[in-house]
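Enquirer: Take a look at this one; I'll ask things after.
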Amino acid sequence: MKKKIRIALGGAGTETHVRSIIETVNDFDVKHEFTISCLPSRNAYFTHLHTFDIYQELFGYHATTRYIINKMLGKKNICFWIGSDVLLARADGKALRRTLFTAKFVDLQLAISPNLVEELKPIGIHASEWMIPVKNIEALPIYPLPDTFAVLTYLPDQHHQFYGSAVIYQLAEELPEIPFMVIGGNAANQKTLPNLQYLGWVQDMESIYKRTSVLIRATQHDGCARMITEALARGINVIFKAHKRPFCHHAVTYNQIKKTLLSLRENLWVNEAGAEYVRRTYQYEKLGNQLLDIYRALHYGGER
């Protein structure tokens, strides 16, 4: 009987992604080949050093020490790129040198979206793509258009400028008749306006998506934001700034974003084509089995 493949996940500030990966592995490990756990801190890593064979770090481009220790102990390392880590990794010469040094101890470079795969190539990092799935995406409901035209966006209290808060504030000021629902942030830490509704961290997003006409994602840079995939799966139109993405409205400047928003207010439709695309492209079973195959290939190295 073969021993189980033991996987550990690390990555400060990526708890939602980590939980999704663990859930995905557990859902599709029908033969009970794997164990998977989260190591949320440096202390947890050293305490559980003997409990894993594969170490996967999200936002782990500078996890140099852990990668080196793992290699010395015969373990495999996965660096999983998820978004702004690509910017930080090449922010300046010092950051880039450390990134490339750290990469020498990584067995598999993994990126969450095609644009990140392409952005890594110029610095000599060749990553494979794997998207963290939305569980049972094929079964998510497509909602009818809400009675009130409303915008949904994500602005965390920390680094809200990176997520496009200036764009959202200006839109809310110039379009006071449109409610803007903001998740991830609180009014005490951001600009307050009568039509800016700060909802904080929301556990159950269904009631929010039912009320959403348009999602605006105005980040300076992005990978494959889960919120966009969830919104598209429900037939919601998405305005996306960072790069072109199928069945999203790509708008870069403030004027372009505002023009697109006003156009959608005048002629809004259920984005059934976007829903069909993400349900087909990001099938839960397909992505789940892909991840298990990635772990098997890395662990066995072609020998089964």
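The values are calculated or read from the model by the stated rules, or taken from the named source; none is laboratory data. Every value quoted in this text rests on a predicted model; they were computed, and no experiment measured them. Neighbour counts are summed over all protein chains in view; Cβ atoms, including those assigned to glycine, are modelled from backbone coordinates with ideal geometry.
Enquirer: Just for the stretch 223-256: of the residues that are assigned to a helix (DSSP H, G or I) and out of contact with any helix residue (DSSP H, G or I) (no Cβ under 6 Å at 6 or more places or on another chain), which one is surrounded by the fewest Cβ atoms within 10 Å (Cβ to Cβ)?
Expert: Asn255
Enquirer: Say whether the condition of being at pLDDT 95 or above, touching a strand residue (DSSP E or B) at 6+ places or on another chain (Cβ under 7 Å) and basic (Lys, Arg) is met by at least one residue in the stretch 193-210.
Expert: no
Enquirer: For the stretch 257-267, enumerate the residues that are surrounded by fewer than 17 Cβ atoms within 10 Å (Cβ to Cβ) and outside any loop (DSSP other than H, G, I, E, B).
Expert: Lys259, Leu262, Ser263, Arg265, Glu266
Enquirer: I'm checking my understanding of the structure. Among residues of the stretch 21-43 that are assigned to a helix (DSSP H, G or I) and either at pLDDT 95 or above or in contact with a strand residue (DSSP E or B) (Cβ under 7 Å, 6 or more places away or on another chain) (or both), which one is surrounded by the most Cβ atoms within 10 Å (Cβ to Cβ)?
Expert: Filtering first and then ranking leaves Ile21.
Enquirer: Could you check the stretch 156-174 and list, in sequence order, the residues that are crowded, with 17+ Cβ neighbours inside 10 Å, free of Cβ contacts under 8 Å to residues at least 60 places away in the same chain and not in a helix (DSSP H, G or I)?
Expert: Of everything in the stretch 156-174, those that are crowded, with 17+ Cβ neighbours inside 10 Å, free of Cβ contacts under 8 Å to residues at least 60 places away in the same chain and not in a helix (DSSP H, G or I) turn out to be Pro156, His160, Tyr163.
Enquirer: Would you confirm whether or not the stretch 277-285 contains a residue that is over 19 Å from the mean Cα position of the chain (by Cα) and not hydrophobic (A, V, I, L, M, F, W, C)?
Expert: no
Enquirer: What is the number of the single condition among (1) modelled with pLDDT of 95 or more; (2) in a helix (DSSP H, G or I); (3) of a type outside the set (A, V, I, L, M); (4) under 26 Å from Thr253 (Cβ atoms) that Asn115 does not meet?
Expert: (1)
Enquirer: So, in the stretch 65-90, of the ones that are of a type in the set (Ser, Thr, Tyr) and more than 17 Å from the chain's Cα centre (by Cα), which residue ends up surrounded by the most Cβ atoms within 10 Å (Cβ to Cβ)?
Expert: Tyr67
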